[in-house]
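Before any comments, here is the structure.
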Amino acid sequence: MGAGLLAAVALTCLAAAPAVDERAPVPPVKTGWDVAGIPLVNFTTDRGMGYGLYAAVFDHGEEGAGSNPYRTSVGGQFYQTSGGYAYHKLMIDMFDAFGTDMRLDMRGGYESWDSAWYFGQGNQTPRLEVDDTPENYYSSEVQSFWWISNARLPLRGSIDLFGGLTIRSAEVGIYPGSRLDQERPTGHEGGRYHLATAGVILDTRDTEPSTTRGVFSEISIRGAHSWIGSEWALWGLNATHRQWWRLDDHGDWVLALRLGLDGRFGGEAPFFHQHVLGGSQWVQIGGNMALRGLPFGRIRGDLTSYGQLELRWSAARFVWGARSLRMMVVSFADTARVFDADEDDSLGHLRWSGGSGLRLVYNEVFVVRFDVAMGQEEYTSVADPLGTDVVRRDSVLGIYAMVGHPF
């Protein structure tokens, strides 16, 4: 069902939308410094409104950045919601860092939840109806500091080696009677979770961040151990394939695909990081990245598979001097499934979501994303809140104003 939905969305939008005949002039090569910013707005049916600001500066160099989108970018975000959530972060991306061939990507931040989601573990986790859910039943308090650094080194042609380190420290507050209180999963007491990652990347993208053709595929292994300061030990594997196809000569129509398979072995990750997958880029199931429309961490398991398909249409282009703006209309569909060793669930039991949105691309380096997504939620009965029987399915709404394409 998930794969069919992905294909249907793409084919429907391709047939329905008109072609673009007029194109704006190409702006000159970007040099020097550039600044961009955008207010952030987010709404979900359970969380309420979120608000904040994202701003970034870009250094293109005195003669331009060549085939790269920039030489260095530095971005910062302030964000919080009326539902007790705050997410502030700093991001630095450097091509040819410190005069070498290395690309260095560093991200750090602070995340604070008064009501962090926890719906249980595994694929069979229907929830209570919102009106029937006791206060804080699916919630906990989580305050988390994190830092992620990744370095990419050219190996041969379009193949790079990469290594990374994730450092995360969390404090957890458990509400009495909540599902987290009843199940007490790994990490319910909080603590330090550190991961080292290494892998290989095949990158043939024509441009970043709004790619029109090429692939960006990776295979990686990761491990957590007391040797690097982690209170939990495990290892994991990740394989992610991203591909973009031009559907016309100019790249105004682009079909984008992301497929991922991620597994953890030899131990359990703390619950506050279970829905975050491995690899060179931060991907989490639920929220604004994958399985949009459903809450962050809606499903979590030892093995996760997911797929995403987007049809992107550059509907209009504008140029003002050395600045350009491109408006994209997007339709998308996401699907995901998790596997847990302790449950016996149908292989075809997939979660899915779909929607549409707008993307504004400023100077081809700064992407503002507006997505409206409907996800499929599953509900259980009040008589059996921890049960696995689904008594009803319905759609839930997620609205996001973010920075950057999801992939």
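If you average 1/r over every pair of different alpha-carbon atoms in the stretch 140-214 and take one over that average, what Kirkwood value in Å do you get?
Kirkwood hydrodynamic radius for the stretch 140-214: 15.6 Å.
I need Arg326, Arg246 ordered by Cβ neighbour count within 10 Å, fewest first.
Arg246, Arg326
Shape call for the stretch 255-407 from the C-alpha gyration tensor, a ≥ b ≥ c root eigenvalues: rounded (a/c under 1.5), prolate (a/b greater than b/c) or oblate?
In terms of gyration-tensor shape, prolate.
Along Cα→Cβ, 7 Å out, is where each label goes; now give me the distance between the ones at Asp344 and Asp394 in nm to one decimal.
Going from the Asp344 label point to the Asp394 one covers 3.2 nm.
Hey, what angle do you get for helix 2-16 against the long axis of the chain, alpha-carbon based, 0 to 90 degrees rounded to 10?
For helix 2-16, the angle is close to 40 degrees.
How much net charge surrounds Ile285 when only other residues with a Cβ under 12 Å from its Cβ are counted (Lys, Arg +1; Asp, Glu -1)?
+3
Just to be sure I understand: with springs between alpha-carbon atoms less than 10 Å apart, which residue in Ala373, Ala97, Ala116 has the highest mean-square fluctuation in the Gaussian network model of the chain?
Highest fluctuation among the options: Ala97.
Starting from the Cα of Thr100, step 7 Å along the direction of its Cβ; do the same at Leu155; then give the gap between the two resulting points in nm.
1.7 nm
Provide Val367, Val74 in ascending order of the number of other Cβ atoms located within 10 Å of each residue's Cβ, fewest first.
Val74, Val367
Restricting everything to alpha-carbon atoms, can you work out Rg to Rh for the chain with a Kirkwood hydrodynamic radius?
Ratio of gyration radius to Kirkwood radius: 0.96.
In a GNM of the chain with a 10 Å cut-off on Cα contacts, which of Glu63, Glu129, Glu183 has the highest mean-square fluctuation?
For the chain, modelled as a Gaussian network with Cα springs under 10 Å, the answer is Glu63.
So what is the 222 nm mean residue ellipticity for the chain from helices alone, if each DSSP H run of at least 4 adds -39500 (n - 2.57) and you divide by all residues, rounding to the nearest 500 deg cm²/dmol?
-1500 deg cm²/dmol
Between Ser217 and Trp245, with labels modelled 7 Å along Cα→Cβ, what's the label distance in nm to one decimal, could you check?
Spacing of the two 7 Å Cα→Cβ label points: 1.5 nm.
Using only the alpha-carbon atoms, what does the stretch 87-156 span along each of its principal axes? Please give whole angstrom values in decreasing order.
Result for the stretch 87-156: principal-axis Cα extents of 59, 27, 14 Å.
Taking the chain as a Gaussian network, Cα atoms linked when under 10 Å apart, which of Ser169, Ser346, Ser331 shows the biggest mean-square fluctuation?
Ser346
Read the figures in this text as sums done on the coordinates, not as results from a lab. Computed from a predicted structure; not experimentally measured. We place every Cβ from the backbone using ideal geometry, glycine too, and count neighbours over all the protein chains shown.
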